[in-house]
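The values are calculated or read from the model by the stated rules, or taken from the named source; none is laboratory data. For clarity, every value in this text was computed on a predicted model and none was experimentally measured. Cβ placement follows ideal geometry from the backbone for every residue including glycine, while neighbour counts extend to all protein chains displayed. Quick note on the areas: whole protein, heavy atoms, side chains included, nothing else; ligands and nucleic acids left out. Shrake-Rupley method; radii C 1.70, N 1.55, O 1.52, S 1.80 Å.
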Amino acid sequence: MFENLQDRLGSILNGLTGRGALSEADVSAALREVRRALLEADVALDVVRGFTDRVREKAVGAEILKSIKPGQMVVKIVHDELIEMLGGEGVGVDLHAAAPVVIMMVGLQGSGKTTTTAKIGLRLTTREKKKVLMASLDTRRPAAQEQLRQLGAQASIDTLPVIAGQSPTDIAARAVQAARLGGHDVVILDTAGRTHIDEPLMVEMADIKKKSNPHEILLVADSLTGQDAVNLARNFDERVGITGLVLTRMDGDGRGGAALSMRAVTGKPIKLIGVGERMNELEEFHPRRIADRILGMGDIVSLVERAAENIDAEKAAAMAAKMAKGKFDLNDLADQLRQMQKMGGMGGIMSMMPGMGGMKDKMASAGLNDGLFGRQLAIISSMTKAERANPDILKHSRKKRIAAGSGTEASDINKLLKMHRQMADMMKMMGGKGKGGMMKQLMGGLAGKMGLGGMGGMGGMSDLSNIDPKQLEALQKQAEAAGLGKPGGSMPGLGGGLPGLGGAKLPGLGGGLPGLPGLPKKK
C-alpha cells in the first residue's frame, strides 16, 4: 500500500541524513518534495499543508540546524508528525460496556462490510474469548444474509436465523434480544450498503442506531478509493456518528492517501485494517508501526506477532528434534517455505525488518520473489514420498518426470536440490545445538538481540503466543534504542547479509539464505 510513498520519502530523507550541516533552504527544499510525495499519494491537501507546516516549524529551529546530526533530527521530526497525523496511539475495538456489546457496521456497498464483520467476529472469538452473535440487516442485496451465515459457519460463529419479510430495524432489535437470551458477549450488526450515499440509507442507519443503541459504530471503507473514502467518512459521521474506522484492502497497490487522511480529517481513530482475503487477515492499526513502515524503519513487533499466529509450535518442536539429529529432507524444506508464505512471503518479511525494506526490489530483480517459492513448492509436490525423503535418488529420468509434472525445467530442479544440499549441510553443522527451523531462527534471533531470551532456543516459538503486549511495545523501543529503527540502517550484531544484496543476515542462517536460485554470488 505505502511502497511508492516509502520510496519517495526514503530518498528525500536519505538526502538530508547524508549532509553534514543543514541550512533553512535545505529543509525547505526537502519539505517541498515531501509535500509533493504526500499529494501524489492522494493525501488531502489541507492535511498535507498542516503536516508540512508543523514539520517546518520544528525543523528550522536553531537547535536542529546546529545539531550534531541535523538530518537525523529532521527524520525524527517527520516520523513523530507522521505518527501524530495517523492518530498517535492505537485504539482497539471498545468492549467496555454491559453485555451484549452492540457493534454496528456501516459503509457503502462493496467495501467489504460482510467479510469484515466475520473477521471481527473471529478475532473477538479467538483473541478475546468472547461469545459473538452476527446478524445481517441487509435485506436488499441478494444472498447477503446467506453470505454472512456461511462465513459464520466457516468460522464457527453464531449467526441470527433469517426470518423472511422482517425490516432491518426489526432484525436489529431481535438480534440484541437473541444475544441477551443466548448469553452472548458481543452482537455485530452488518447493515445494508448502497453504491453511493443517499437519504434513505442515512435514515435507515439512524433508525437502526436508535433501535439497537450500539456501543461502537465502525465505518468500513475501501482504502483504494482514496479521497472519496474521506468524504464518505465525513458524511457518515455527520449523519450517524461513527466511533472508528476499518480500512479494507490495505494489502492492495493503492497510494495510501485515505489511510493518512481519514484520521486527520474526521478525528476518528482507524481501529482495524484488512490486510488480505483470509479470515485471519485483520490487524489492529498502530500509527507508530505504520509510520515506521512508511519511513523504512521496519516493524519488528508486528513481525513477531505474525510469527506467533502463523508458526505451528508442535511442528517447530518436531522439526527442531529432527534437526538436532542433523536431518533435513525436502518435506522439511517445503514446510519452511510454506511458513514464510504464511507470514507474507519474503517481501512481506523484509518490509517489516529494520533497514531491509529497500531490499525487496533488489531481490525481485535477482529473481527471488514469492513466485519462486510457489515454483519450488510445485516441484516438491510433484515428487514421490520416497524422493522427498531421499533426494539423492533423483536421477535424470526422475527429474524429467518432475519437471513435466510441475511445469518447470530440469535446471530449476537442480537449483532447488543445490539449495537443499547447502541447507542440509548447514543443519548438520547446527545439529546438537537445539536449533529450530528457518522461521524460528529468524524470530528467535531477532528476539535474542532485543533481550527477549525466552523466544529463542528449542521451545522458543511456543512461547511467542504468551508474550505480554507491553513486552512487545518494550521490544519496539529496545529496537529503536539499539539503532534498528533507522531508515537504511542495518541490524547491529547480525553480521553480513543475503549474498550479493547487502543488508542483514537472517539470524541462525549463517550468511543468509544459502544458494537461493537467481541470487548473485558474493564477489
Among helices (runs of 4 or more DSSP H) entirely within segment 357-406, at least 1 residues that are at pLDDT 70 or above occur in 370-381, 385-389, 396-406
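For residues that are over 14 Å from residue 117 (Cβ atoms) and in contact with a strand residue (DSSP E or B) (Cβ under 9 Å, 6 or more places away or on another chain), tally how many sit in segment 154-167. Give the steps one after another, and end with the answer.
First pass over segment 154-167, keeping only residues over 14 Å from residue 117 (Cβ atoms): 156, 161-167.
Next cut, in contact with a strand residue (DSSP E or B) (Cβ under 9 Å, 6 or more places away or on another chain) only: 162.
So the answer is 1.
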Reported set for segment 241-270 where residues are open to solvent by less than 10 Å² (accessible area, probe 1.4 Å) and within 22 Å of residue 213 (Cβ to Cβ) is 242, 244, 245, 246
When (1) at pLDDT 85 or above; (2) of a type in the set (A, V, I, L, M, F, W, C); (3) in contact with an Asp or Glu (Cβ under 6 Å, 6 or more places away or on another chain) are applied to residue 39, the one that fails is (3)
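Which of the residues spanning segment 63-120 are among the charged types (D, E, K, R), modelled with pLDDT of 90 or more and not assigned by the TED database to the domain that holds residue 214? Working first, answer last.
First, the residues of segment 63-120 that are among the charged types (D, E, K, R): 63, 66, 69, 76, 80-81, 84, 89, 94, 113, 119.
Pick out the ones that are also modelled with pLDDT of 90 or more and you get 94, 113, 119.
Passing the criteria: only 94.
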* Asked: In this structure, does residue 128 turn out to be open to solvent by 60 Å² or more (accessible area, probe 1.4 Å) and either closer than 16 Å to residue 188 by Cβ or assigned by the TED database to the domain that holds residue 159 (or both)?
  -> yes
Output for Cβ contacts, cut-off 7 Å, separation at least six or different chains, first residue in contact (Cβ under 8 Å) with a residue 40 or more places away in the chain and polar (S, T, N, Q) in segment 178-206, second in a loop (DSSP other than H, G, I, E, B) and surrounded by 19 or more Cβ atoms within 10 Å (Cβ to Cβ), reads 191/137; 191/138; 195/108
### Task
Could you tell me whether any residue of segment 209-219 is modelled with pLDDT under 95, of a type outside the set (Lys, Arg), assigned to a helix (DSSP H, G or I) and open to solvent by less than 20 Å² (accessible area, probe 1.4 Å)?
yes
Selection over segment 219-245 where residues are of a type in the set (Ser, Thr, Tyr), out of contact with any Asp or Glu (no Cβ under 7 Å at 6 or more places or on another chain) and within 14 Å of residue 263 (Cα to Cα) yields a count of 1
